[in-house]
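Everything below concerns the one structure shown next.
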Amino acid sequence: MTTVRVPAGWPATEEEARAVQDELRRRVVLDEPGPAPGTGHVTGVDVAYDDERDVVAAAAVVLDAATLDVVAESTAVGRISFPYVPGLLAFRELPTVLAALDALPCPPGLVVCDGYGLAHPRRFGLASHLGVLTGLPTIGVAKNPFTFTYDAPATPRGSATPLLSGAEQVGSALRTQDGVKPVFVSVGHRTTLPTARAHVLTLTPKYRLPETTRHADTLCRRALKEATAPRPEPAARAAADPTVREP
DNA sequence: GCGACAG
DNA sequence: ATCTTGTCGC
């Protein structure tokens with residue numbers, strides 16, 4: 001586990017954060033097919049908070065895309081860098097997520113984020129932001145439609161309908177299990193929407209949410225719990241480990 | 001002006 | 001996101 005501070009120059013106000021988005025959005029790459037689903041590595045990232053103690057924990061879990069086996073994982077903890085503001089989620093989550101990705105022992109491949117990419121008020125959600133900062137292909141998978149609209153996909157797993165911002169398609173509502181509420185998929189960086197949907201279907205053989213996010217969710221919650229766990233008394237620590245001498 | 005609003 | 005155990009159902 002690594003520890004993170006809020007990066008120097010990180011936006012302090014909503015106005016600054018929106019200006020950063022308007023600047024960085026121009027660097028999103030949308031004309032690459034991206035990694036083929038079922039090959040190489042796929043990495044899930046997620047974050048858990050303790051607002052009371054001002055602690056945030058992030059996890060990155062790398063899966064073998066063909067077998068969905070976990071091949072590597074890492075965590076990072078830090079201080080909360082921004083309040084939750086719809087449309088500015090990246091400024092709250094990214095510093096710790098970047099630290100967790102940096103701590104991985106292998107290349108992450110495609111990164112699957114909790115939330116949105118292009119489906120965003122300024123077309124620059126968390127997944128796109130992470131992609132631009134790291135250069136990695138990214139997609140967003142959200143559990144709610146945010147401010148967007150959609151028609152219910154047909155019942156079978158794999159059915160999809162457009163996720164709309166007015167008349168503009170910003171993503172897909174994708175049914176990942178028969179008759180279960182869809183997830184909301186959007187492109188982050190360096191891939192396409194059909195490819196993003198194919199990745200999500202590959203990652204959901206059994207549950208509604210991708211295996212990547214399920215693993216990352218479990219791991220970041222555990223990391224948060226450990227980071228906020230009460231410290232053992234010095235005497236108890238000395239008793240538990242006689243090789244430790246307290247100054 | 002009011003309400004809604006990824007995690 | 002988070003508060004939170006057992007429980008009803010396939």
Chain A, accessible area per residue, ligands and nucleic acids excluded (1.4 Å, Å²): 47 Å²
Calculate how steeply helix A:211-228 sits against the longest principal axis of the alpha-carbon atoms of chain A, using the helix alpha-carbon long axis, and give the answer as 0 to 90 degrees to the nearest 10. 30 degrees
Counting only DSSP beta bridges with both residues in chain A, what percent are antiparallel, rounded to the nearest 5? 75 percent
Heavy atoms only, probe 1.4 Å: what % of the accessible area of region A:19-226 goes to carbon and sulfur, would you let me know? 52 percent
To the nearest 20 debye, chain A has a Cα-centred charge dipole, built from +1 on Lys and Arg Cβ and -1 on Asp and Glu Cβ, of 320 debye
Among A:68, A:119, A:163, pick out the residue whose Cα is farthest towards the positive end of the charge dipole of chain A, where Lys and Arg carry +1 and Asp and Glu carry -1 on C-beta, about the Cα centre. A:163
Residue A:122 and residue A:19 label points (each 7 Å along its Cα→Cβ direction) are spaced in nm at 1.0 nm
Calculated P(r) tail over 32 Å for region A:19-226, as whole % of Cα pairs: 9 percent
Estimated 222 nm signal from helices in chain A, with DSSP H stretches of n ≥ 4 weighted -39500 (n - 2.57), rounded to 500: -8500 deg cm²/dmol
Once you have the Cα-Cα distance between residue A:1 and residue A:206, take 0.36 nm times their residue separation minus that, and quote the gain in nm to one decimal. 70.8 nm
Taking chain A as the reference, fit the longest principal axis to its C-alpha atoms, fit the long axis of helix A:14-24 to the helix C-alpha atoms, and give the angle between the two in degrees, 0 to 90, nearest 10. 60 degrees
Normalised by the number of residues in region A:89-131, what is the relative contact order in percent for Cα pairs under 8 Å and 6+ residues apart? 40 percent
On the full set of protein chains, 1.4 Å probe, figure out the accessible area of residue A:70 and give it in Å² to the nearest 10. 70 Å²
Can you give the relative contact order of region A:46-180 as a percent, counting alpha carbon pairs under 8 Å and 6+ residues apart? 15 percent
May I ask for the angle, rounded to the nearest 10°, between helix A:193-202 and the longest principal axis of chain A, with both axes built from Cα atoms and the value confined to 0 to 90°? 60 degrees
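The values are calculated or read from the model by the stated rules, or taken from the named source; none is laboratory data. Quantities reported herein were computed from a predicted structural model and do not represent experimental measurements. A quick note on method: Cβ atoms are made from the backbone with ideal geometry, for glycine too, and the neighbour counts reach across all protein chains shown. In case anyone asks, the SASA skips ligands and DNA or RNA and just uses the protein heavy atoms, side chains included. Shrake-Rupley method; radii C 1.70, N 1.55, O 1.52, S 1.80 Å.
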